[in-house]
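Notes follow once the structure below has been shown.
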Amino acid sequence: MKTISTIADLRTELAALRSAGKTIGFVPTMGALHDGHLSLVKMSKSVCDITVVSIFVNPTQFAPHEDFSKYPRPIEEDAALLATEGVNFLFLPEASDIYPPGSSTFVIVEEVSKEFEGFVRPDHFRGVATVVSLLFHIVTPDKAFFGQKDAQQVAVIKRMVRDQHFPIEIVTGDTLREPDGLAMSSRNRYLSPEDRRKATTLYTTLAGIESFMDSGYSLADAKLAGMKVFSEAAPDAVLEYLDFVHPETFQRVDSFNDAEKIVVVIAARLGSTRLIDNIILSPKT
Ligand code: PAF
């Protein structure tokens, strides 16, 4: 694995490979890698000739009160994991290269970014779309890989790729879970042992909703029953949202008449840690 820190060096390496006919897969990350990231790397390696992983803790997607400075940066551990997976290039840019002084161009994906994470974290998706667009211009991959755990991020990026005519296929990898159901996330390492035990409530709530739907509940009734499951299992956690959305528009849906598949999204705060999760439901036939 080659570690590259400048845009110019990465472009030179990739241009040579592209003219030799190689396909390029790209996994953008902020590091603090877990098995979810590694499963995306494996997907890329199985379908592309060359796999590029970036690690860049992107300042523009954090609000001033958020965890940018304390975001975990175990760079040596991450690099060792990626080398073991057989990644070809690890791109580790400086913030001043990605955002040259005076940088003032942003990508805003309207509608899809508005509710849920976009409402709770205003400007978050502006930062995500901007950095992913910049990285796409630098890496120019054939395929880029994102985790379904961040379902709204996937919807935002797919819309940006469509609207901006990026010739890039967005591939989504399933959410990987711990044995008790907690979705893998770099932020899980912030949880105290007690909050870690309660964190599984996000998944039990989603699984509960699925079983209520299997028993014939309407979406509205399943949501109420899900809220009850959550508040009984973690009374001191704050449920920020629990809702049903269209996977592409991220607009609320009231029934399966509004969408072929729906995403059940949940966000909750345990202590000072915010966690999000989701599952995809299809109508019963
Ligand atoms: O999902 C993430 O880790 C980040 O939002 C991403 C896509 C790497 C952009 O900074």
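Here are the numbers:
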quantity	calculated
Least to most buried among 284, 2, 143 (fewest other Cβ within 10 Å first)	284, 2, 143
Estimated inter-spin distance, residue 207 and residue 67, nm [label 7 Å along Cα→Cβ]	2.4 nm
Lys pairs under 23 Å by Cα in segment 183-285, provided they are eight or more residues apart or on distinct chains	5
Cα-centre dipole for segment 178-285 with unit charges at Cβ (Lys and Arg positive, Asp and Glu negative), debye to 20	320 debye
Distant-in-sequence amide H partners of residue 34 (H built 1.01 Å from N, under 5 Å)	none
Fraction of antiparallel bridges per DSSP, the chain only, in percent to nearest 5	50 percent
Label-point gap, in nm, between residue 228 and residue 16 - each point 7 angstrom along Cα→Cβ	6.5 nm
Cα long-axis angle, helix 7-19 against the chain (0 to 90 degrees, to the nearest 10)	80 degrees
Estimated 222 nm signal from helices in the chain, with DSSP H stretches of n ≥ 4 weighted -39500 (n - 2.57), rounded to 500	-11500 deg cm²/dmol
Mean separation of Cα contacts under 8 Å, 6 or more apart, over the residue count of the chain: relative contact order %	17 percent
Nearest 10 degrees, 0 to 90: helix 201-214 Cα axis against the chain principal axis	60 degrees
In degrees, nearest ten, helix 75-85 long axis to first principal axis of the chain (Cα)	90 degrees
Partners for residue 42 among aspartates and glutamates (Cα-Cα distance below 16 Å; same-chain residues under 8 apart left out)	78, 85, 142, 174
3J(HN,Hα) from dihedral phi, segment 234-249, Karplus parametrisation 6.51/-1.76/1.60, rounded to Hz, x for glycine, proline	9, x, 9, 8, 9, 7, 7, 7, 8, 7, 10, 9, 6, x, 9, 9
Sequence-distant aspartates and glutamates (8 or more away, or on other chains) whose Cα lies within less than 14 Å of residue 114	123, 248
Under the Karplus curve 6.51 cos²θ - 1.76 cosθ + 1.60, θ = phi - 60°, whole-Hz ³J(HN,Hα) for segment 97-105, x wherever Gly or Pro sits	7, 5, 10, x, x, x, 3, 9, 10
Under the Karplus curve 6.51 cos²θ - 1.76 cosθ + 1.60, θ = phi - 60°, whole-Hz ³J(HN,Hα) for segment 45-53, x wherever Gly or Pro sits	5, 7, 10, 10, 6, 10, 10, 10, 10
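Where a number appears in this text, it was derived from the coordinates with a stated rule and is not lab data. Keep in mind it's a predicted model, so treat the numbers as computed, not measured. Here the Cβ is made from the backbone with ideal geometry for all residues, glycine too, and neighbour counts use every protein chain on show.
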